[in-house]
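*Asks:* This is the structure I want to talk about, given as structure tokens.
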Amino acid sequence: MIPARPGDEDTICAISTAPGVGAISVIRVSGSKALSTVSRLAPFLVSCPESHRLYFGSLKDPASGDLVDEVLIAYFANGRSFTGEETIEISCHGGDAISSRILELLIGQGARLARPGEFTYRAFLNGRVDLVQAEGILGLIESRSKESSAAALSQLKGELSRKFSAIEDDLVWIGAQLEASIDFSSDGIELKPSKDLLDRAQRLNSRVGDLISSYQKGRLLRNGLAVALVGSPNAGKSSLLNAIVEEERAIVTDQPGTTRDWIEVETRFHGTPIRWIDTAGIRETRDVVEKLGVEKSLHARNTADAVVVVIDISDTDWRVGFSDFVRGAKKAEHYFFNKIDLDRTGEWRATAEAEAERLGVAGRTVFGSAVTGDGIGELKTMIAGPLREIEGVGGAGLVTQARHVEGLKKIQGSVVKALNLIEKDASPELIAYELQVGLKAVHELLGKVFHEQVIDRIFKEFCLGK
Ligand SMILES: Nc1nc2c(ncn2[C@@H]2O[C@H](COP(=O)(O)OP(=O)(O)O)[C@@H](O)[C@H]2O)c(=O)[nH]1
Ligand SMILES: [Mg+2]
């Protein structure tokens, strides 16, 4: 049972539709006094409304009797609503003025303005959803592609929770077996963990491992792809950014060191965002501002999901920069040989192709020009490769949240340690103790233990009225 916190008993209200002008707005009221509060504004409501029914009538200011709006009221009985509490949804005419007025009147009648995510928090408190499903709701609201909404919807429907619960079942089962052998050994009989137990622990370990690896795709689905454009000054990084997003976003000049801060522009691949990051050219410099820019470039190179190294093929020294970048790469980076329009004979390209081949990066190299647009499509296709892969996967059942991976890693650590202990014939007590750590982690994941900071962090991300 989850402990209630101050304010959890209040009847809460909020505007649940997006602010601004629209055809209708929806105001939600939830709590034990939802009906009695709303009834004072909507005297046309019958005293015992039917659950899941709509009622139409005039909403009035209870103090002055002034007409506020004509509204539709949906009634959801206690135990039959999203929050699990008595809930009323008032659909009024759109626009901020009317909905804000109704909200004020509700507050005047004793309802409290809901905190962000508080309706979903209540659904969680009342056991309508677990923490993972609640996060799925947030994911669904935020999702921007078919795949990420599929991932969020399956999470909301409990697919991921079931996987986490299965982990819990295994941990509990293994723990119980160990307990039994502890009891036996106290009777003077030594029992080794059975083969069944070992098998189950190993299967559990690989399942947890699979879930952790699904985050690689899940994270892309949820957050999209960050791509850093790096290279020497004047290679054409800013020009390339502009060509990719088909807009003049970054300043381009023939002065090396023009870009000092980083600029981020978003494109979409079937709805999934790709964030292109233009950076300062990497070189030794005494200029304080440029130096900071270079540090940011190096940071972007290290943290982005993908990196495009831009090389000026017309620069007689390109070879040095190219091999430096290839040698310094910490992951598989991409290479864009820019200014190919200046290669009159095709000789430069042939040399660069041979060099890319020699360095083993030919498959990740594109030739083109930010000025003529050559090669831009090819580069975009290459970068979107990982996103095309997740398209086929469909998204359902993937781990998409950092919190889940953190929890799963804790579980993995505990299972791996337990397996090692089993191998070393350690005492069942020790093994059971180790597995408790994993069990605690899975309880935290599902919200079975009330971790105030975790809960606060999750629900704060929600918008008002959800
Ligand atoms: N001919 C040619 N010039 C280019 C190309 N791309 C960029 N430039 C020029 O190279 C210079 C530096 O470009 P810029 O995008 O500011 O480079 P950055 O310092 O890497 O951001 C500018 O004068 C651009 O017009 C290209 O594909 N072909
Ligand atoms: Mg630039």
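Derivation of every value follows stated rules applied to the coordinates shown; laboratory data play no part. In this text the structure is predicted, and so the values were computed from the model without any measurement. In this analysis, Cβ positions are derived from the backbone assuming ideal geometry, glycine residues included, and neighbour counts consider all displayed protein chains.
*Asks:* Stretch Trp173-Arg388 to full length: gain in nm at 0.36 nm per residue minus the Cα-Cα span?
*Replies:* Contour length minus the Cα-Cα distance gives 73.4 nm.
*Asks:* Let me ask something else. Using the number of other C-beta atoms within 10 angstrom as an exposure proxy, rank Thr279, Thr258, Thr345 with the fewest first. Could you put the intermediate results ahead of the total?
*Replies:* On the way: Thr279 29, Thr258 17, Thr345 7.
Ranking Thr279, Thr258, Thr345 by Cβ neighbours within 10 Å, fewest first, gives Thr345, Thr258, Thr279.
*Asks:* Find out how many positive minus negative residues lie around Ala14, taking Lys and Arg as positive, Asp and Glu as negative, among other residues whose Cβ is under 10 Å from that of Ala14. Walk me through the intermediate numbers first.
*Replies:* Working: positive: Arg28, Arg112, Arg115, Lys466; negative: Glu118.
Taking every other residue near Ala14 into account, the sum is +3.
*Asks:* Just subtract the alpha-carbon distance of Glu461 and Asp287 from 0.36 nm times their residue separation and send over the number in nm, one decimal.
*Replies:* Numbers: separation 174, 0.36 × 174 = 62.64 nm, distance 3.97 nm.
Result for the pair: 58.7 nm of gain on full extension.
*Asks:* Are there trypsin sites (Lys or Arg not before Pro) in the range 313-343 that DSSP marks as loop and that have at most 10 other Cβ atoms within 10 Å, and which are they?
*Replies:* Answer by residue number: Lys330, Lys331.
*Asks:* Okay, moving on. Relative to the longest principal axis of the C-alpha atoms of the chain, give the angle of the C-alpha long axis of helix 347-358, reported between 0 and 90° and rounded to the nearest 10°.
*Replies:* So the helix axis and the longest Cα principal axis differ by about 60 degrees.
*Asks:* Taking the Cα centre of the chain as the origin, how large is its charge dipole in debye, to the nearest 20, when only Lys and Arg (+1) and Asp and Glu (-1) carry charge on their Cβ atoms?
*Replies:* Result for the chain is approximately 300 debye, rounded to the nearest 20.
*Asks:* Just to check I understand the Karplus step: with θ = phi - 60° and J = 6.51 cos²θ - 1.76 cosθ + 1.60, what whole-Hz values come out for the range 155-163, glycine and proline as x?
*Replies:* Values per residue, Gly and Pro as x: 5, 4, 7, x, 4, 6, 4, 5, 5 Hz.
*Asks:* Once label points are set 7 Å from the Cα along Cα→Cβ at both Arg207 and Thr351, what is their separation, rounded to one decimal in nm?
*Replies:* That separation, rounded to one decimal, is 6.0 nm.
*Asks:* Ranked highest first by average number of other Cβ atoms within 10 Å, how do 442-451, 104-113, 228-237, 397-406 line up?
*Replies:* Details: 442-451: 18.8, 104-113: 16.9, 228-237: 25.9, 397-406: 20.4.
Order by mean packing, descending: 228-237, 397-406, 442-451, 104-113.
*Asks:* Just tell me which aspartates and glutamates come within less than 13 Å, Cα to Cα, of Lys460; anything on the same chain fewer than 8 places away is out.
*Replies:* Reachable aspartates and glutamates: Glu118, Glu135, Glu452.
*Asks:* Follow-up question, since we're still on this one. Which angle from 0 to 90°, rounded to the nearest 10, does the C-alpha axis of helix 96-108 make with the longest principal axis of the chain?
*Replies:* That helix lies at roughly 40 degrees to the long axis.
*Asks:* Using θ = phi - 60° and the Karplus form 6.51 cos²θ - 1.76 cosθ + 1.60, what ³J(HN,Hα) does each residue of the range 28-36 get, whole Hz, x for Gly and Pro?
*Replies:* 10, 10, 9, x, 5, 9, 4, 5, 5
*Asks:* Could I ask something else about it? Can you find, among Ser36, Ser165, Val245, the residue farthest towards the positive end of the dipole of the chain? Put +1 on the C-beta of Lys and Arg, -1 on that of Asp and Glu.
*Replies:* Ranked along the dipole, the leading option is Ser36.
*Asks:* A further question follows. With unit charges on the beta carbons (Lys and Arg positive, Asp and Glu negative) and the dipole taken about the Cα centre of the chain, which residue among Gln109, Ile98, Thr372 sits farthest to the positive side?
*Replies:* Of Gln109, Ile98, Thr372, it is Gln109.
*Asks:* Let me ask another. Could you check the simple spin-label distance between Ser36 and Ala180, using points 7 Å along Cα→Cβ, in nm with one decimal?
*Replies:* So the two model labels end up 5.4 nm from each other.
*Asks:* Across the Cα atoms of the chain, what radius of gyration and what greatest pairwise Cα-Cα distance (Dmax) are found, in Å?
*Replies:* Expressed in Å, the Cα Rg and Dmax of the chain come to 29.4, 89.
*Asks:* Turning to a different aspect of this structure: Could you give each residue of the range 366-378 its phi-based ³J(HN,Hα) in whole Hz, using Karplus coefficients 6.51, -1.76, 1.60 with θ = phi - 60°, and x for Gly or Pro?
*Replies:* Those phi angles translate into 10, 10, x, 8, 5, 7, 8, x, 4, x, 5, x, 4 Hz.
*Asks:* Greater than 29 Å separation of Cα atoms is the criterion. Which listed pairs, Lys296/Lys331; Lys163/Lys331; Lys163/Lys296; Lys330/Lys440, meet it? Working shown, then result.
*Replies:* Values: Lys296/Lys331 18 Å; Lys163/Lys331 32 Å; Lys163/Lys296 40 Å; Lys330/Lys440 35 Å.
Distance filter (> 29 Å) returns Lys163/Lys331; Lys163/Lys296; Lys330/Lys440.
*Asks:* Something else: To the nearest 10 degrees, how steeply does helix 195-223 sit against the main Cα axis of the chain, on a 0 to 90 scale?
*Replies:* For helix 195-223, the angle is close to 70 degrees.
*Asks:* Give the whole-number value, in cubic angstrom per residue, of the convex hull volume spanned by the C-alpha atoms of the range 12-129. Display every interim value, and only then the final one.
*Replies:* Values: hull volume 11.0 nm³, N = 118.
Taking the convex hull of the Cα positions in the range 12-129, it is 93 Å³ per residue.
*Asks:* Could you please state, rounded to a whole Å, how far the C-alpha centre of the range 280-326 is from the C-alpha centre of the range 411-438?
*Replies:* 47 Å
*Asks:* Suppose every K and R has +1 on its Cβ and every D and E has -1 on its Cβ; what is the size of the dipole of the range 404-448 about the Cα centre, in Debye to the nearest 20?
*Replies:* On the way: 6 positive and 6 negative charges, 35 e Å.
The calculation lands at about 160 debye.
*Asks:* With +1 assigned to the C-beta of every Lys and Arg and -1 to the C-beta of every Asp and Glu, and no other charges, what is the dipole magnitude of the range 363-466 about the Cα centre in debye, to the nearest 20?
*Replies:* Working: 13 positive and 13 negative charges, 40 e Å.
That gives a dipole near 200 debye.
*Asks:* Computed FRET efficiency, Cβ-Cβ of Arg112 and Ala402, R0 35 Å: what is it to the nearest 0.05?
*Replies:* On the way: r = 32 Å, r/R0 = 0.90.
Computed FRET efficiency for Arg112 and Ala402: 0.65.
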